[in-house]
Structures are given as C-alpha cells and as structure tokens.
Amino acid sequence: MIGAAGHVATYMADMNDFNRTIIEEFRANGGRVGGQFEGAPMLVLHTRGAKSGEPRLNPMVYQDLGGKYAVFASYGGAPKSPAWYHNLVAHPDVEIEVGTEKLQVTARVLEGAEREPVWEKQKADMPGFAGYEAKTDRTIPVVVLEPAR
C-alpha cells in the first residue's frame, strides 16, 4: 500500500514528466503545442521555488492583454492554488517564454474590478476555466505578467 506521501511523490513525478513533454514540444515548435492545448496561447513560466529558491518551469495558457500576459492559478479547480502561484507571489520578477522570445516580466495579482473582466473573458474563451471555478470554493487568482522596467 502506498502512503499519502508516496502518492503525492508519484503524482508530482507524473506532472513533471507531463510538463517536460509540453515544454519540449513548445520549444521545438516555436511556442505551439498539440493535444489538449492545440491552438491555445501558451507560455512557459520560469519561477524560483518560494521556499527552496530552486528554478521551476511551468507551461500554461495565457490571455494576451496587449503586451501583458494574464495567467490563471486554476489548478484544475483544486481547493488550493498551484505551487507556481505561491512562487510568483514570493518572487514576482520572472522570465517567460512566449513563442521563441524570452521576456523579463513582473507578476502582479489582479483584484476586484481589475480581475473580473479578464477572468470573465478567459471563461468565455476557454469554458474549461468555468468548470474549474465551479469545482472550488476559492477565488481563482488571475496574475498579470507585465514587462519588467
């Protein structure tokens, strides 16, 4: 019988393999991927672990805000936010890959009236996000990645 820690470790290894495969495909195809993400705008987020300081890479869909990029800490509707979100809050100056470009950006969590239109558009454009929202009691964080100054 696998204990909870073993189950989590197995899940994390599977997720790391999943992310690694997407990132490899993203880089090999100029920022485009197939499968469940085909046609979706994708970026690769480079963060540092909030506690460890270790480098982390996460592929994710984004919404183009005209030179800024909105990303969504949905975690598939899980009861807590994904680790990358906590990493961004702890270390907001990060790098992203969009297409074949690498950009230095600063993360800022959107709140209230600034968050709502971005979140509503994301749910309209990609209805799976409405499903994630329905599965959780938390407010899904919306983070804007703005060019670093």
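The values are calculated or read from the model by the stated rules, or taken from the named source; none is laboratory data. No experiment lies behind these values; they were computed from the predicted model shown. All Cβ positions, even for glycine, are placed from backbone atoms using ideal geometry, and neighbour counts span all protein chains on display. The accessibility values were calculated without ligands, DNA or RNA, using every heavy atom of the protein model including side chains. Shrake-Rupley method; radii C 1.70, N 1.55, O 1.52, S 1.80 Å.
Within the option set Lys102, Lys121, Lys135, being in contact with an Asp or Glu (Cβ under 7 Å, 6 or more places away or on another chain), modelled with pLDDT of 95 or more and either surrounded by fewer than 16 Cβ atoms within 10 Å (Cβ to Cβ) or of a type in the set (A, V, I, L, M, F, W, C) (or both) holds for one residue only, Lys102.
Condition check: assigned to a strand (DSSP E or B) and either touching a His at 6+ places or on another chain (Cβ under 6 Å) or among the polar types (S, T, N, Q) (or both). Does Glu146 satisfy that?
Spelling it out, it is not the case that Glu146 is assigned to a strand (DSSP E or B) and either touching a His at 6+ places or on another chain (Cβ under 6 Å) or among the polar types (S, T, N, Q) (or both).
Of all the numbered requirements in (1) open to solvent by less than 20 Å² (accessible area, probe 1.4 Å); (2) assigned to a helix (DSSP H, G or I), Glu116 misses one, and that requirement is (1). Could you go through region 55-75 and let me know if any residue there is crowded, with 16+ Cβ neighbours inside 10 Å, in a helix (DSSP H, G or I) and at pLDDT 95 or above. Scanning region 55-75 turns up at least one residue that is crowded, with 16+ Cβ neighbours inside 10 Å, in a helix (DSSP H, G or I) and at pLDDT 95 or above.
Against the definition (modelled with pLDDT under 95 and at positive phi), how does Gly6 come out, yes or no?
On the way: modelled with pLDDT under 95: yes; at positive phi: no.
It is false that Gly6 is modelled with pLDDT under 95 and at positive phi.
The residue of region 24-64 that is farthest from the chain's Cα centre (by Cα), among those that are β-branched (Val, Ile, Thr) and within 12 Å of Ile96 (Cβ to Cβ), is Thr47.
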